[in-house]
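A short write-up of the structure that comes next.
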Amino acid sequence: MAEIAGGAPGTASGVRLWAVSITDVRSLFHPTGDLAERLRADVPFHVLAPYKPSWFKPLLKHGPGAPLLAPDSPLPSDVDKLLHGHFVPPDRLVPSWQIVSHWLDRLSSANLRLEIDRGTAERLDFDLARAGVASHFGLRTLWARDAALPLGPLAGSEVGYQRYAVALELGEAWRASLGALEGSADLVAHVSDWLCQLPTWAGDAEGAGRPAPDVFAVTLP
């Protein structure tokens, strides 16, 4: 997710949602078997110059044809820390979340980005309440559970998840409120349509021998 960047607290500018089991999310930080190698081979490095084989490479510490990474690129050392569940220092959080978000895009059944700021989110919850939606089905319910990951959030960001059954119930409650909404209807319809596809994705996951998807969320600072 290359668009993630550090920011000041209280300036959330969006939300990323992934339909993926929290068990699968946590497995990214302690992968076993072939998963570790598949993840290591699929990293969104920002390459300025591609690798070119060189006859002199065996004689040099860094071959002249080695790939040149951009200053904002994730590094192999970031990948190692993530795969071993090690502490990631604050100055490496942005590229580390780029890696994890990329992996989640690959792993999840679907993903959704909401371009909303904090004010829009507050109006959304207010409009839902006026339409009769219970307060425990506010937007933040989608990331109310602690994901318990070794990777900390960016400054001003929140990371969490919601279980499949609750996320589906929230989507159905939002969809049922559409006729009574006086505002935020487009946003409510957009999110509820996405959430109400969870049973389809759960069926696909079951067929592939994987657990039903929860909703994993990261707010963007």
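The values are calculated or read from the model by the stated rules, or taken from the named source; none is laboratory data. Here the structure is a predicted model, which is why all the values come from computation and not from measurement. Reconstructed Cβ throughout: ideal geometry from the backbone, glycine too, with neighbour counts over all protein chains shown.
Worth a mention:
- For the stretch 90-98, the count of residues that are within 28 Å of D34 (Cβ to Cβ), surrounded by fewer than 19 Cβ atoms within 10 Å (Cβ to Cβ) and without any contact (Cβ under 8 Å) to a residue 40 or more places away in the chain is at least one.
- Set side by side, the residues A217, A202, A208 differ, and just one is in contact with a helix residue (DSSP H, G or I) (Cβ under 9 Å, 6 or more places away or on another chain) and either without any contact (Cβ under 8 Å) to a residue 40 or more places away in the chain or of a type in the set (F, W, Y) (or both), which is A202.
- Scanning the stretch 102-126 for residues that are among the acidic types (D, E), in a helix (DSSP H, G or I) and touching a residue at least 40 places away in the same chain (Cβ under 8 Å) yields one hit, D105.
- None of P150, P221 is within 15 Å of the chain's Cα centre (by Cα) and surrounded by fewer than 18 Cβ atoms within 10 Å (Cβ to Cβ) except P150.
- In the stretch 130-142, the residues that are surrounded by fewer than 20 Cβ atoms within 10 Å (Cβ to Cβ) form Cβ pairs under 7 Å with partners that are assigned to a loop (DSSP other than H, G, I, E, B), at six or more places apart or across chains, as follows: R130/E182; G132/S177.
- Hits in the stretch 210-221 (condition: modelled with pLDDT of 95 or more and either on the phi > 0 side of the Ramachandran plot or not charged (D, E, K, R) (or both)): P211, A212, P213, V215, F216, A217, V218, T219
- Here the stretch 121-147 is the region considered, the condition is being within 15 Å of the chain's Cα centre (by Cα) and hydrophobic (A, V, I, L, M, F, W, C), and the residue that is nearest to H30 (Cα to Cα) is A147.
- Residue in the stretch 172-196 that is nearest to L149 (Cα to Cα), counting only those that are in contact with a strand residue (DSSP E or B) (Cβ under 9 Å, 6 or more places away or on another chain) and either buried (at least 16 other Cβ atoms within 10 Å of the Cβ) or among the charged types (D, E, K, R) (or both): L195
- Contacts under 8 angstrom Cβ, first residue in the stretch 147-159 being on the phi > 0 side of the Ramachandran plot, partner aliphatic (A, V, I, L, M), 6 or more apart: G156/A8; G156/A12
- Residue list for the stretch 46-101, restricted to those being polar (S, T, N, Q), at pLDDT 85 or above and in a loop (DSSP other than H, G, I, E, B): S73
- For the stretch 156-189, a residue qualifies if it is out of contact with any Lys or Arg (no Cβ under 9 Å at 6 or more places or on another chain), part of a loop (DSSP other than H, G, I, E, B) and closer than 20 Å to R118 by Cβ, and the qualifying residues are G156, S157.
- Candidate set: the stretch 16-42, residues that are surrounded by 18 or more Cβ atoms within 10 Å (Cβ to Cβ) and hydrophobic (A, V, I, L, M, F, W, C); chosen: the one nearest to R210 (Cα to Cα): V20
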